[in-house]
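Taking it in order: structure first as structure tokens, then the write-up.
Derivation of every value follows stated rules applied to the coordinates shown; laboratory data play no part. Owing to the predicted nature of the structure, the values given are computational and were not obtained by experimental measurement.
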Amino acid sequence: MSDPTSEVESPPSAGPMPLIAALVALVLGAAAGFFVVAPKLAGGGAPAAAEADGLVDDGHGNMVPAKGHYFDLSNVIVNPAGSQGSRFIVVTVSFEVPTEAIQLSLANAETRLRDGVGGILERKSVEELLAPGARDALRLEFAELAKPYLKGSSVTVYIPQFLIQ
């Protein structure tokens, strides 16, 4: 007769599955490190000549135009012409320029730019500001206002906030 306490059953073995899962995870981690992390640590690999031409790597190996630098004049508030204080305009103007140096030049001229944008807006009536194409005309006027600070470069003007109350 056998003693029930002396026979110990061993648990069934888990087999090769945990080992295979660990190896797959290791290979995937190494691949991610090699193809994703290493290029970022190495500076992206974009050639200096392409960067000088205004092109940068988009992260997928494609050379695309570099994004510009933005200078924003937020929440410029004025009363339009003829409103006698009963209406107001709130505008944010964003200037996109090609270099950080020009962005800094615009930032140093913020007070003059803010005053100029306010002056342009307060000379226009509500009807002029609501007319079709008014924002396009304002973009051109704001670009002319920024011209002395551009050092011969171009500027793209955006008006992301335009509220007439």
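So here's what we get for this one:
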quantity: Filter pass, SER94 being assigned to a strand (DSSP E or B) and of a type in the set (Gly, Ala, Ser); calculated: yes
quantity: Members of region 114-165 that are under 26 Å from the mean Cα position of the chain (by Cα) and part of a strand (DSSP E or B); calculated: THR156, VAL157, TYR158, ILE159, PRO160, GLN161, PHE162, LEU163
